[in-house]
Structures are given as structure tokens and as C-alpha cells.
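Here the structure comes first, spelled out in C-alpha cells, and everything after it is commentary.
The values are calculated or read from the model by the stated rules, or taken from the named source; none is laboratory data. The model shown is predicted, which means the values in this text are computed figures rather than measured ones. Cβ coordinates were reconstructed from backbone atoms using ideal geometry, including for glycine residues, and neighbour counts include every protein chain displayed. Accessible surface is based on the protein model in full, side chains and every heavy atom, while ligands, DNA and RNA are left aside. Shrake-Rupley method; radii C 1.70, N 1.55, O 1.52, S 1.80 Å.
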Amino acid sequence: MHDSKILLIGGVGTGKTTLKQALSDLPLIYQKTQALNFSEVFIDCPGEYLEIPRYYHVIIDLSHQVSEIWALQDATKTYLTYPPKFVRVFRKPVIGVITKIDLPQANLEAARSFLNNAGIAQPFYEISALHKKNIQILRTRIECLTK
Ligand SMILES: Nc1nc2c(ncn2[C@@H]2O[C@H](COP(=O)(O)OP(=O)(O)OP(=O)(O)O)[C@@H](O)[C@H]2O)c(=O)[nH]1
Ligand SMILES: [Mg+2]
């Protein structure tokens, strides 16, 4: 059995895999996630699992294997990826993470409202994998979970 602690969800290109790389101090290399990926800490899935409702059941099944879910929102996205109150289907805590805050077109207000709309409570972690902003705080969170 896998014993990952955190399920990463978010639309295609949100930055799930890049966040994993940043947390491990690995070089940030773009690699589209094609299939479910299990590591010691994370379950990383293709963004399609959130964007295509036919796959929702996969995310919901995976949530039973983890301690918490990190729901990522790309700060540059201008449309909804999470259906309203989506996270009510989970029986695990859901943490909101806003990615790509370094980009000039990032709109934090919009990103926060997308996460609120999904039913996720503040505070949100607002990060840049590129500039390593607020990465350490997430590392500390993982350390607490895995203790
Ligand atoms: N500027 C900037 N770019 C980022 C950041 N995080 C991710 N990216 C870029 O966004 C693109 C997509 O990132 P991924 O980590 O592959 O996204 P993903 O959520 O894993 O996408 P899927 O595997 O398709 O579900 C890559 O080109 C990353 O370099 C960030 O914090 N800042
Ligand atoms: Mg990926």
C-alpha cells in the first residue's frame, strides 16, 4: 500500500509538480504529469483529473489514502477550475495554495475568490516555486504531518 501524506490537486499547468520539485530543492524542470505519481509525501495527479468531471471519482478515492489535500490555484487563471463547494466531497482537511504569484499577471484577489468558491477556508499559502517564496512554510507543514 502507498502511504503518501498529501494529495495535490489543481488544473492542468497549475504547478503541482513544480511545487514538489521546489520543496525537494530539485531543479524546476517542466514535465507534464501523464499518470498518477506516488512519492513518499505526495500523490501527484494529472490536472485533467480535476478538469474532467468523469475523473472526479479518482481524486475522491485517492483522498482516503492521505492525511490532507492541497488544492492549488494558479494566480494567473481567469476561469474556474473547481466547481462550487467542490471540497465538501472530501473528509480530509483541504489547504488552499495559490501558485505563480511572481508573475506580473497574477491576480491574488481572483485566486482567493476561486478557492473560496470551492469551499476552502483561508488562510491560503501564496507561493512562487520560481522565487522559492513561502516554500519553507510548506516544508515545515510537511514535517509536522510526517512526524
Ligand atoms: N513563474 C512561475 N511558473 C511556475 C510556477 N509554478 C509552476 N510554474 C510553471 O507552470 C508550468 C506548469 O507547471 P507544472 O508543475 O507542470 O503544473 P502541473 O500542475 O503539475 O500540471 P499537470 O501535470 O499538467 O497537471 C511549468 O512551466 C512551470 O515552470 C511558479 O511559481 N512561477
Ligand atoms: Mg504535473
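Hey, what number do you get for the chain at 222 nm if only DSSP H runs of n ≥ 4 count, each worth -39500 (n - 2.57), divided across all residues, to the nearest 500?
Result for the chain: -8000 deg cm²/dmol, rounded to the nearest 500.
Can you list residues from other chains, or at least 5 along the same chain, whose modelled amide H is less than 5 Å from the amide H of Lys133?
Residues meeting the amide H criterion: Ser128.
Give me the dipole magnitude in Debye, nearest 20, for region 1-133 about the Cα centre, with unit charges on the beta carbon: positive for Lys and Arg, negative for Asp and Glu. Display every interim value, and only then the final one.
Numbers: 14 positive and 12 negative charges, 48 e Å.
The dipole of region 1-133 has a size of about 240 debye.
If you roll a 1.4 Å probe over the heavy atoms of the protein chains, what accessible area per residue do you get for region 54-147, in Å²? Show your work: numbers first, answer last.
Values: 5050 Å² over 94 residues.
For region 54-147, the per-residue accessible area is 54 Å².
Quick one: if you take sqrt(5λ) for each eigenvalue of the C-alpha gyration tensor of region 1-47, what semi-axes come out, biggest first, whole angstrom?
Semi-axes, largest first: 16, 13, 9 Å.
Please report the carbon-and-sulfur percent of the accessible area for the chain; probe 1.4 Å, protein heavy atoms only, DNA, RNA and ligands left out.
55 percent
What residue among Thr33, Thr18, Thr99 shows peak mean-square fluctuation when the chain is described by a Gaussian network model with Cα springs under 10 Å?
It is Thr33.
Out of region 45-101, which chymotrypsin sites (Phe, Trp or Tyr not before Pro) are coil in DSSP terms and have no more than 13 other C-beta atoms within 10 Å? Please list the in-between numbers first.
Values: sites: Tyr49, Tyr55, Tyr56, Trp70, Tyr79, Phe86, Phe90; in loops: Tyr79, Phe90.
When the chymotrypsin sites (Phe, Trp or Tyr not before Pro) of region 45-101 are filtered for loop state and at most 13 Cβ neighbours within 10 Å, Tyr79 remain.
With labels modelled as points extended 7 Å from the Cα through the Cβ direction, what inter-label distance (nm, one decimal) is found for Asp102 paired with Gln21?
Computed distance between label sites Asp102 and Gln21 equals 1.1 nm.
Could you pull out the trypsin sites (Lys or Arg not before Pro) across region 60-132 that fall in loop regions by DSSP (anything but H, G, I, E, B) with no more than 16 other Cβ atoms inside 10 Å?
In loop regions of region 60-132 (DSSP not H, G, I, E or B), the sparsely surrounded trypsin sites (Lys or Arg not before Pro) are Lys85, Arg91, Lys132.
As a test, work out the antiparallel percent of DSSP beta bridges whose residues both lie in the chain, rounded to the nearest 5. Intermediate values should be presented prior to the final figure.
On the way: 3 of 18 bridges.
Once the DSSP bridges in the chain are tallied, antiparallel ones form about 15 percent.
Taking only the C-alpha atoms, wrap a convex hull around the chain and report its volume per residue in Å³ as a whole number.
That works out to 106 Å³ per residue.
Multiply the residue separation of Gln136 and Asp61 by 0.36 nm, subtract the distance between their alpha-carbon atoms, and state the gained length in nm to one decimal.
Values: separation 75, 0.36 × 75 = 27.00 nm, distance 2.92 nm.
Additional length available on full extension: 24.1 nm.
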